[in-house]
1. So how many residues does segment B:240-273 have that are under 11 Å from B:G569 (Cα atoms), at the interface with another protein chain (Cβ under 9 Å from one of its Cβ atoms) and small (G, A, S)?
2. Identify all residues within segment B:482-513 that are over 20 Å from B:A94 (Cβ atoms) and either surrounded by fewer than 20 Cβ atoms within 10 Å (Cβ to Cβ) or of a type in the set (D, E) (or both); write none if there are none.
3. Output the qualifying pairs, or none if there are none: Cβ atoms under 7 angstrom, residues six or more apart or on different chains, first residue in segment A:29-54 and of a type in the set (G, A, S), second residue assigned to a helix (DSSP H, G or I) and surrounded by 15 or more Cβ atoms within 10 Å (Cβ to Cβ).
4. Hey, among the residues in segment B:588-600 that are touching a helix residue (DSSP H, G or I) at 6+ places or on another chain (Cβ under 8 Å) and either aromatic (F, W, Y) or surrounded by fewer than 18 Cβ atoms within 10 Å (Cβ to Cβ) (or both), which one's nearest to B:A553 (Cα to Cα)?
5. So B:A318 clears everything in (1) in a loop (DSSP other than H, G, I, E, B); (2) buried (at least 23 other Cβ atoms within 10 Å of the Cβ) except one condition, right? Which one?
6. Got a sec? Which of B:T153, B:T146 is of a type in the set (S, T, Y), touching a residue at least 12 places away in the same chain (Cβ under 8 Å), in the same structural domain as B:A199 (by TED's automatic domain parsing) and under 25 Å from B:G350 (Cβ atoms)?
7. Run down B:D230, B:D304 and say which single residue is modelled with pLDDT of 95 or more and not small (G, A, S).
8. Do any residues in segment B:311-325 that are on the phi > 0 side of the Ramachandran plot have Cβ atoms under 6 Å from those of residues that are surrounded by fewer than 24 Cβ atoms within 10 Å (Cβ to Cβ), where the two are at least six apart or on different chains, and which pairs are they?
Amino acid sequence: MKVQLKLFATFRQYLPVGAEGSTVELEVPSGTRVTELLATIGIPQQESPMILVNGRGIDSDRILVEGDVVAVFPAMAGG
Amino acid sequence: MFGWHGKVLRVDLTQETTRVEEVDPKMAKDFIGGRGWAIKYLHDEMDPKTEPLAPENRLIFATGPLTATPAPTGNRYMVITKSPLTGALACSNAGGIFPTEMKRSGFDLFLFEGRASRPVYLWIHDGEAEIRPATHLWGKNVHEATDILLEETDAKARVACIGPAGENLVKIAAIMNDKHRAAARSGVGAVMGSKNLKAVVVRGTGDVPLAHPAEMKALSKEVRSEVSRDVKKGSSLREYGTAYVPVVTNEIGILPTRNFQTGVFEGTENISGHVLKEKFLRRPKPCFGCPIACGRDTEVDDPDYAGEGEGPEYETIAALGSACGVDNLAAVTKANYLCNELGLDTISAGVTISCAMEMFEKGFLPESDAGRPLRFGDADAVIALIKQAAYREGFGDLVAEGSYRLASHYGHPELAITAKKLEFPGYDPRGAKGMGLLYATSNIGASHMAGDIAYAEVFGVPERIDPLAIEDKPHLVHRFEDAFALIDAAGMCVFLTLRYLFDPHVDLWPTRLTQLMNYATGAGYTPETMLEAGERVYNLERLFLLEAGLTKADDTLPKRMLEEPLPDGPGKGQVVELDRMLPEFYRLRGWDENGVPTDEKLASLGLK
C-alpha cells in the first residue's frame, strides 16, 4: 500500500537523495506500523520524534492504512 | 543585593534629568525582576487611564536578575508600557546583546517619563547617564542611527532605537536593538517616539554580583553541556532557525493563511527553513552567551528583493508570507529586513496587510483608497505597504493604525484578526484551542509569548497534548501564563528555559530555574514561591487592565475564530469553544464571573 512520509527539520537528513520538498511516497506492506515505517528509512528508535498521522498526534503504535500521511519532526521549540 | 543591582535609573525627559533610585528588596523578591518590577512601577505611579502617547505614560526597559549572569540565555530584556495600539499593557521582549550590556552598565531597569522638547538619546556608560541631543538622528532608519550612535559614543556600545515608524507614532512600531532584534509588539516604538526619545545607548563593563557564584557556574555549565549534547545530535533551531516551523503548523492545519481564512497554505514548502538555509543563510547567530544560536544571519541576492540582515523568524514568515498568501521567501525576507530597518512589528504589519487584502478582495476597500490592488499573494504590495506605513504615507496612514482601526474604518472590524486589538501570531487557534484561550486572556492581547501553550499542543514540549481538546486547557493555560511571566521577569529566553529549566511535564515546575535564581540572588525562592510570583505579576497586570477600562467583554476572539469552522486540514470543522473554557479559567485563577480577581485572591498574593 502507498503512504506518504513527510520529514521536517533535522529529520530531513533521512530524505532519500533527490526527494522533492519534504515528502516521499513509499510502498509498504499492509499492516505496517508507524515505528516500522520509520525504521525502514533509518530513523533510530532513540530519536523519539513527534509523529503526526494525517495531521493528528498518535498515542499508540498505529497500524497504517492506504493513503496515510505520516509527518515526523523533533520535539523542539519554535517562535 | 545579588543578581539584581537594586538600581533603577529614572529619566525625566521633560526636565532632561536622570536620577538613580534604590530598589526595595522585598519588592525585588516578590516581583522577581523585569516584567514583574515594571508592572509594580506602572501600578504605583501611573493612572491606568493615561493616554498611551501622553508624556505621563511610563516607558520601562527592564532586565531580570539572571540577565548578564552565567545562566545560559540570561540575555533578555523587556519593554513595558501602556500600548497605543491596544489600550492594554505592552510587554515586549527582545534578546541580542543590548540587554546584557544594559545590565552590565549597572542598572536593572530604566524608567522613562515625560517628553523631551526635542529629539534626544540616553547614553549610559558604567553607571553614568547623559541625555544628549538626537536631532541629527531623527529621520534616520535603525541601521543608520545605530552606526552614527556607535561612532559618537563607543564602538563597543549597544543601541536600542526607533526607526521612522516610531518617530511617526505608528501604532505597530517596534523598538529595535543591535539593529536586527525587536521588542516589537503593541506599538512600544510609538511610545518611545512620543517621548522624542530616539535611542538608548549602553556600554557596561561591570559584572553582576552573584550570591553563590561557584554553584551558579556549575549548574550553568551542566545545563550548557546538556544543550550542547542535544545540539550535536541535531538541532533544528541551530540548523534552520525558527523557520523550520511553517511545515509543522501547516501539517497540523494551523498556519495562518490569507488572513486566517484557513490553516493550510499550498505554498508552505517554498517559505520553509530548508529553503532559507539553501538560499539565504550566511550563518546561525546566537544572542549573548547562547548555546543554541537560532538567529539567522542572511542575505538575499535576488535583484528584486536584495538585502541583508537577520531573520526571518517563524512569526514573520507566517505574518508576511502565508497570512498574505505570499510564497516567495526572498520577498518575505526582504519585507522582514524593511520592518527591521524602519522599526515595525512584523506580526502586526503582516496581519494588518492581510486584513487589507481580504477587504480589498471582498470589495470593502476601494482601490482608490488602497492606491493599488491589494490581492493575496502580491509580495510587492506587502513591501510597498510596509514602507508607506512607516512614513504614514497614503494608505500607509491607515495601515499604521493596525488592523482593528483599519478594518473598523471600512465598517468590517470582524476582519481584523486580533484580540484586544493586537494582531494574532502564527497559530490559528481553531486548530490549537489552548492558544485560543491564551490569546483571549493574555494581558497584552493576542500574544503567543504570554504563555505559549503551542509548545505542548504543536511541538510536544514539555509533553504532547491534544491541540483540539478543550477540557484541560483552562488549567494548562493558567500554568503556562504564570510560567512565562516568571521567565520574562527573570530575564531568560524561553527556548532554553522551558525545555531545560522546568521539569519535563506539562504542569511546568521550575526546579532548575529556581536554583539559578537562588544562586544569583540568594533570595531563598522555592518553586512554589516562584510560581506564586509569576501569578502575582499576572494578577497585577490584570488589575492594570481593568483599571484602564478593559472588561470581560475584551476577553474574546474574532467572530471567525468563534463561529467560522476551519475549512481545511486536520482541524476542519473546528472553532474555538471559548465560552466553554473561559468560566473555568476565571475560576481557577480565583477571579469572579466577570474576570475580576477576588479580594481573597489578591490578599493571598499580597496585592491587597
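1. Adding up the residues that qualify gives 1.
2. Selection gives B:D482, B:Y500, B:D503, B:P504, B:H505, B:D507, B:W509, B:T511, B:R512.
3. A:G42/A:Y14
4. The extreme case among them is B:N594.
5. Every listed condition holds for B:A318 apart from (1).
6. Going through B:T153, B:T146 in turn, just one is of a type in the set (S, T, Y), touching a residue at least 12 places away in the same chain (Cβ under 8 Å), in the same structural domain as B:A199 (by TED's automatic domain parsing) and under 25 Å from B:G350 (Cβ atoms): B:T146.
7. Of B:D230, B:D304, the one residue that is modelled with pLDDT of 95 or more and not small (G, A, S) is B:D304.
8. B:G325/B:R258; B:G325/B:F376; B:G325/B:G377
The values are calculated or read from the model by the stated rules, or taken from the named source; none is laboratory data. Here the structure is a predicted model, which means the values were calculated and not measured. Quick reminder, even Gly has a Cβ in these numbers, built from the backbone with ideal geometry, and neighbours come from all protein chains shown.
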